[in-house]
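Beneath this line is the structure, given in structure tokens, with notes to follow.
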Amino acid sequence: MDDDRLRKMDSIRRDFSVRSDDYDRDIVMTVPNYHKMLEAAVGSLPFEEDEPIKVIDLGTGTGSMAARVLQRFPRCRLTCVDMTKEMLDKAKARFNDRSDITYVERDFYELQLPEGCDAVVSSLALHHLMTGDDKQNFYEKVLRSLRLGGVFVNADAVLSADEWVEDLNKRKWVEFMRTNMSEQEVNAVLERHRREDSLPVFTDQLRWLTEVGFSKVDVIWKDHMGAVVWARR
Ligand SMILES: C[S@@+](CC[C@H](N)C(=O)[O-])C[C@H]1O[C@@H](n2cnc3c(N)ncnc32)[C@H](O)[C@@H]1O
């Protein structure tokens, strides 16, 4: 990893580590329809509920997406990946009744993914990859980790290709946060967003998935900045 990436990922890791105690409370005040987005993502996994599917959750954090996967697929073989120890510790505590979950504390930039997975899922994490090339390369890594017919489901924030729509989406986001937080808190979120997040243009994301070799790409759910993108190997 080059120095810029190292510095940025270090700063993101530090930030999540200090925010880990408040994360579950804060995320629902910052991300509109957070629960709906995650439900849509997990609801789109095309498997029987009693199948022992092999699933990787990228950027597990405190485990909200992973919890939904485990609830819908109790027999799944789940691997949780996150670079922030304090966030992953919350997930471990949440799932302490399950000894069959694998935890990997690693940066996406240094991550080797196992092959033969049925599904790779992620929520609100991959926008931390810094450039379009980084994201496209990472999608290719995800593709290789899936078995033929396996799916990648990514619930994340995106940009619009159109400036007017992008302004509308940002306005809606800020309005939502203002219903939950003080102006100072909203500004702190926006400042962190400028510093840490590299959102992809939505339509670029769909194109990259096709270009790296996913055979079918679709959109399961979208609401302004939030999108659940679905791709089958
Ligand atoms: C906004 S949280 C999302 C957590 C959870 N998926 C959710 O939906 O609530 C983003 C998580 O991604 C992790 N993350 C960000 N960049 C990462 C990277 N480069 N490698 C591994 N994990 C990363 C952070 O540590 C954090 O726990």
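What follows is calculated from the coordinates using simple rules that are stated; it is not laboratory data. Every value quoted in this text rests on a predicted model; they were computed, and no experiment measured them. FYI the Cβ positions are ideal-geometry reconstructions off the backbone, even for glycines, and counts take in every protein chain you see.
Mind putting a number on the dipole of the chain about its Cα centre? Charges go on the C-beta only, +1 for Lys and Arg and -1 for Asp and Glu, and I need it in Debye to the nearest 20.
Values: 35 positive and 43 negative charges, 88 e Å.
About 420 debye.
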- Each residue of region 100-109 in turn: what ³J(HN,Hα) in whole Hz from Karplus with 6.51, -1.76, 1.60 and θ = phi - 60°, glycine and Pro shown as x? 9, 9, 9, 10, 10, 8, 7, 6, 3, 5
- Task: Work from the charge dipole of region 24-154 (Cβ charges, +1 for Lys and Arg, -1 for Asp and Glu, about the Cα centre) and give the residue of Gly150, Tyr109, Leu38 farthest towards its positive end.
- Result: Leu38
- Query: How large are Rg and Dmax for region 174-233 when only the alpha carbon atoms are used, in Å?
  - Reply: 15.6, 45
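Would you mind giving the average projected area, over all directions, of the Cα convex hull of region 78-233 in nm² with one decimal?
On the way: hull surface 41.3 nm².
Projected over every direction and averaged, the Cα hull of region 78-233 covers 10.3 nm².
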- Counting other C-beta atoms within 10 Å, which of Glu196, Glu211 has the fewest, and how do the rest follow? Glu211, Glu196
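Largest first and in whole Å, give the semi-axes of region 54-168's equivalent ellipsoid, each being the square root of 5 times a Cα gyration tensor eigenvalue. Walk me through the numbers before you get to the answer.
Details: eigenvalues 123, 56, 40 Å².
For region 54-168, the semi-axes come out at 25, 17, 14 Å.
Which value, in debye to the nearest 20, gives the size of the charge dipole of region 174-233 about its Cα centre, when Lys and Arg are +1 and Asp and Glu are -1 at the Cβ?
Here region 174-233 has a charge dipole of around 360 debye.
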- Note on the structure: Given backbone amide H placed at 1.01 Å from N, residues whose amide H is under 5 Å from that of Ile56, ignoring those fewer than 5 places away on the same chain, are Thr79, Ala119, Val120, Val121
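Over the chain, what is the relative contact order in whole percent, taking alpha-carbon pairs under 8 Å and six or more residues apart? Before the final figure, lay out the partial values.
Working: 382 pairs, mean separation 50.2, N = 233.
Answer for the chain is 22 percent.
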- Item | Proximal aspartates and glutamates relative to Lys54, as straight alpha-carbon distance under 13 Å, when same-chain residues fewer than 8 apart are discounted | Asp100, Glu115, Asp118
- Item | Estimated distance in nm for a label pair at Glu51 and Lys8, the labels positioned 7 Å out from Cα along Cα-to-Cβ | 3.5 nm
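Quick one: order Met9, Met65 by neighbouring beta-carbon count within 10 Å, fewest to most.
On the way: Met9 21, Met65 27.
Starting with the residue having the fewest Cβ neighbours, the order is Met9, Met65.
If R0 is 41 Å, what FRET efficiency do you get for Asp97 and Lys216 from their C-beta distance, rounded to 0.05? The partial results should precede the final answer.
Details: r = 36 Å, r/R0 = 0.88.
E between Asp97 and Lys216, to the nearest 0.05, is 0.70.
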- Query: Of the listed peptides 25-31, 225-231, what is their order by residue-averaged count of other C-beta atoms within 10 Å, with the highest listed first?
  - Reply: 225-231, 25-31
- Query: What helices does the chain hold that run 15 Å or longer along their axis, going by alpha-carbon atoms, with a Kyte-Doolittle average of -1.0 or more, using DSSP H for the helix calls?
  - Reply: 202-212
